[in-house]
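The values are calculated or read from the model by the stated rules, or taken from the named source; none is laboratory data. Keep in mind the model is a prediction, meaning the values are calculated, not measured. Methodologically, a virtual Cβ is constructed for each residue, glycine included, from the backbone with ideal geometry; neighbour enumeration extends over all protein chains shown. Ligands, DNA and RNA are stripped out before the accessible areas are found, and what is left, the full protein with its side chains, is counted by its heavy atoms. Shrake-Rupley method; radii C 1.70, N 1.55, O 1.52, S 1.80 Å.
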Amino acid sequence: MEKRPEAFSATVLFTTVVVFSIAASPSSANLSFNFYAASCPPAEFMVRNTVRSASSVDPTVPGKLLRLLFHDCFVEGCDASVLLQGNGTERDDPANTSLGGFSVIDSSKRVLEIFCPGTVSCADIVALAARDAVEMAGGPAIQIPTGRRDGMVSAASNVRPNIADTIFSVDDMKKLFSSKGLSLDDLVTLSGAHTIGAAHCSAFNHRFQENSNGNLTLIDTSLNSTYAGELMKQCPARGSPSVTVNNDPETSFMFDNQYYRNLLAHKGLFQSDSVLLDDNRTQKQVVDFANDQVGFFESWGQSFLKLTSIDVKTGDEGEIRRSCSTTNE
C-alpha cells in the first residue's frame, strides 16, 4: 500500500487570501517551502525579477515558460531534463522544437551562479519561473516548495509517450495524467494553461480539410464556424509552417478563466480542448470555471503544486547543474 503523503499548505493570493492544503506525492517529501532561505535567500526574488523583466518586453514569455514546465515535468519528472542540449535529447523531439523561454531560464541561472554558485537547481528555476509567469500574466500568486535537483538523463524517445497530443480524447488524457499522479479534476484545471500561449497551425489543422480548389473547409463540427473561419484565414492551406495562433482569441496574454468561456462558445483551439466540454465527466467543471474565476484560481494553485512535484529528484539524486543546458560531467 502506498504510504500516505504529507500535506503541503500553500497560499493563493487574488482578491482575497485563500489558504488550502494538498496532498504531496511521496517523491516530493523532501521539498520544502523557503528551501533556499539559508543557502541563497534572494533566489526566488532573482528568478521573479528576471521573469518580470522578460515579460515586460515580450508578452509571449509567460505562455512559453508555462509550456516549458509542462514538457519538463511530464518527461522524467520536474528535473530540467528538457533543458539539456545534445544529439538525441528531449529538445530534439519534434514536440519540443517549438518550445521557448530557455533564455529566461538561462538568464536566471547566470545571475544565481554569481551570487549563489552551485546552489539553485535549474529544475527549481523552471518551476519558479512558470509560477511567476502565471502571476505576471494576471493569474494567482502561489507559494511552491523547492529543493528539486537536476536530472542527468534526457532522451528524445521518452517525449512522445509522455506528452499529451492535441488530438487526444478525454480517456487518452486521463490515462496520461493518471500516470503522473494527476486526477481528472487536475486535467481540467491544468488545461486552463491554454488561456495563454500560442500554437502552430499544425497543432489543429486536422480539424479542417483541403478541398479541390486548395481551400480549407471545416470538418470538425464541434468548432464554432465563425471562429473556424478566422483560423482558416490565419492558417491557409499550404501556409507557412512558422505561423502561430493564440490559444485564447479573446484575452490572449491574460491568465484568466476565458479559456473555459471559450470552450462554452465552442472556441477551443485544440480538439483536446473541445472534448472537455463534450464529455460528461469534465463538462461540469468547465462550466463551473467559466462562471467562477476565483474557483478556477484556487483549483489552479492546488493542481499546479501537484504538477511541479511530479517525480522530483531530491537529496542525493541528480545534481545542481552549473549550466542548465549541460550536465556537470
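What nm value, rounded to one decimal, do you get for the distance between Ser98 and Thr244 when each label is placed 7 Å out toward the C-beta?
0.9
Provide the net charge surrounding Ile320, with neighbours chosen by a C-beta distance below 9 Å and charges set as Lys +1, Arg +1, Asp -1, Glu -1.
Here the count lands on +1.
Heavy atoms only, 1.4 Å probe, whole protein assembly: order Glu135, Glu90 by accessible area, highest first.
Per-residue accessible area, sorted high to low, gives Glu135, Glu90.
Once R0 is set to 56 Å, what does the formula 1/(1 + (r/R0)^6) return for the Cβ-Cβ distance between Ile219 and Ala141, expressed as a FRET efficiency to the nearest 0.05?
Approximately 0.85, to the nearest 0.05.
Over the chain, how many pairs of lysines fall under 27 Å by alpha carbon, counting only those 8 or more apart in sequence or from different chains?
29
Considering Cα pairs under 8 angstrom that are at least six residues apart, work out the relative contact order of region 48-197 and quote it in whole percent. Don't jump to the answer; show the numbers that get you there.
Values: 182 pairs, mean separation 47.9, N = 150.
RCO, region 48-197: 32 percent.
Using only the alpha-carbon atoms, what does region 169-304 span along each of its principal axes? Please give whole angstrom values in decreasing order.
48, 29, 24
Charges only on Cβ, +1 for Lys and Arg, -1 for Asp and Glu: so what's the dipole of region 34-89 about the Cα centre, in debye to the nearest 20?
Taking the Cα centre of region 34-89 as origin, the dipole is about 220 debye.
Could you work out which residue, out of Asn247, Asn224, Asn211, moves most in a Gaussian network model of the chain, that is, has the largest mean-square fluctuation with Cα springs under 10 Å?
Of Asn247, Asn224, Asn211, the Gaussian network model singles out Asn211 as fluctuating most.
Quote the FRET efficiency, to the nearest 0.05, computed for Leu184 versus Val287 with a Förster distance R0 of 22 Å and r equal to the Cβ-Cβ distance. Numbers along the way, then the final one.
On the way: r = 15 Å, r/R0 = 0.68.
Given R0 = 22 Å and the Cβ-Cβ separation, E is 0.90.
Suppose we take every Cα in region 227-329 and form the convex hull; what volume per residue is that in Å³?
It is 182 Å³ per residue.
Over region 113-206, what is the relative contact order in whole percent, taking alpha-carbon pairs under 8 Å and six or more residues apart? Each step should come with its number before you reach the end.
Numbers: 36 pairs, mean separation 17.0, N = 94.
Reported as a whole number, the value is 18 percent.
What's the Cα-based Rg to Rh of region 86-240, Rh via Kirkwood?
The Rg/Rh ratio comes out at 1.02.
Taking Cα atoms of the chain, Rg/Rh with Kirkwood Rh, to two decimals? Mind showing how you got there, number by number?
On the way: Rg = 19.5 Å, Rh = 20.3 Å.
For the chain, the value is 0.96.
Could you calculate, for region 39-91, the ratio of the Cα radius of gyration to the Kirkwood radius, expressed as Rg to Rh?
My calculation of the ratio gives 1.05.
Probe 1.4 Å, all protein chains in place: accessible area of Met254 in Å², nearest 10?
For Met254, solvent-accessible area is about 90 Å².
Want the number for Ser32 to Arg322: 0.36 nm per residue separation, take away the alpha-carbon distance, what's left?
102.2 nm
If you put +1 on each Lys and Arg Cβ and -1 on each Asp and Glu Cβ, how big is the dipole of region 80-171 around its Cα centre, in Debye rounded to 20?
200
Using Cα pairs closer than 8 Å and at least 6 residues apart in sequence, work out the relative contact order for the chain, in percent.
Values: 575 pairs, mean separation 86.3, N = 329.
Result for the chain is 26 percent.
Note down the accessible area of Lys174, probe 1.4 Å, to the nearest 10 Å².
Only protein atoms counted, so the area is about 90 Å².
Under a 1.4 angstrom probe, counting protein chains only, how are Asp256, Asp150 ranked by accessible area, largest first?
Descending accessible area places them as Asp256, Asp150.
Per 0.36 nm of contour for each residue apart, how much would the distance between Ser212 and Asn162 grow if the chain were fully extended, relative to their Cα-Cα spacing?
14.3 nm
How much accessible area does Asp292 have with a 1.4 Å probe, in Å² rounded to the nearest 10?
Estimated to the nearest 10 Å², Asp292 gives 70 Å².
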